[in-house]
Amino acid sequence: AWIELGYYYSRNKDYVQAADYFEKGLAVDPDNVECLTLYAQNLDFADKKTEAITAYKNAMEKNPEEKAIPFNLGLLLNKQANSLEDPAAKKAKMEEAIIYFKKTYDLDPDLKETYDILSTLLLQLERYEEAEEILNEGIQRFPDSASMWQNLSFLHAKMGNRAKAEEYYEKSKQLRDQ
């Protein structure tokens with residue numbers, strides 16, 4: 001009953017109330033991974049980020065093969081990183097987000113968004129070789145991805161290879177204009 005009430009409030013965008021009911025559902029069945037995942041999502045939507053991170057990590061422990069959990073956790077950590085002023089704290093959050101996006105990649109190499117976000121994080125941390133590997137693999141899987149070509153352009157610009165940067169930028173522009 002608690003979970004059904006959680007669904008009801010979540011559908012009606014009352015995420016705080018939904019999270020409360022999902023939490024009550026977990027009190028009855030603490031191993032219900034679906035309820036735990038929904039609890040985490042609603043905490044996230046209710047802007048209770050710290051609690052959402054903890055809930056996502058708990059959900060991952062209970063269901064390590066579910067690709068949505070590390071992806072959502074990576075997104076949440078990336079958002080937190082972008083909101084931080086302190087460079088060391090920002091870097092630490094980005095490193096943690098990378099761990100979860102790599103886990104997502106391992107679980108589902110066909111999820112395009114993982115390549116985009118992971119390569120962006122790696123570029124920001126100046127981990128160029130890793131970013132290039134991810135981008136090359138992503139472009140093999142998704143050759144029509146304008147964002148990946150654009151990231152490859154940024155990578156080559158950072159590495160001082162202007163000709164390739166311009167070539168890949170033009171490719172991304174062509175794909176966006178289609």
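A search for C-beta distances below 7 Å between a residue of the stretch 89-107 that is without any contact (Cβ under 8 Å) to a residue 12 or more places away in the chain and any residue that is in a helix (DSSP H, G or I) and crowded, with 16+ Cβ neighbours inside 10 Å, counting only pairs 6+ apart in sequence or on different chains, returns LYS90/ALA81.
For the stretch 59-82, a residue qualifies if it is polar (S, T, N, Q) and either in contact (Cβ under 8 Å) with a residue 60 or more places away in the chain or closer than 19 Å to ALA40 by Cβ (or both), and the qualifying residues are ASN63, ASN72, ASN78, GLN80.
Restricting LEU155, LEU175, LEU121 to residues that are open to solvent by less than 70 Å² (accessible area, probe 1.4 Å) and at pLDDT below 95 narrows the list to LEU175.
Would you point out which residue out of ILE117, ILE139 is without any contact (Cβ under 8 Å) to a residue 24 or more places away in the chain and out of contact with any His (no Cβ under 7 Å at 6 or more places or on another chain)? Break it down stepwise before answering.
Details: ILE117 fails: without any contact (Cβ under 8 Å) to a residue 24 or more places away in the chain.
Unique residue meeting the criteria: ILE139.
The values are calculated or read from the model by the stated rules, or taken from the named source; none is laboratory data. Since the model is a prediction, treat every value here as computed from it, not as a measurement. Cβ: placed from backbone, ideal geometry, glycine included. Neighbour counts: every protein chain shown. Ligands, DNA and RNA are stripped out before the accessible areas are found, and what is left, the full protein with its side chains, is counted by its heavy atoms. Shrake-Rupley method; radii C 1.70, N 1.55, O 1.52, S 1.80 Å.
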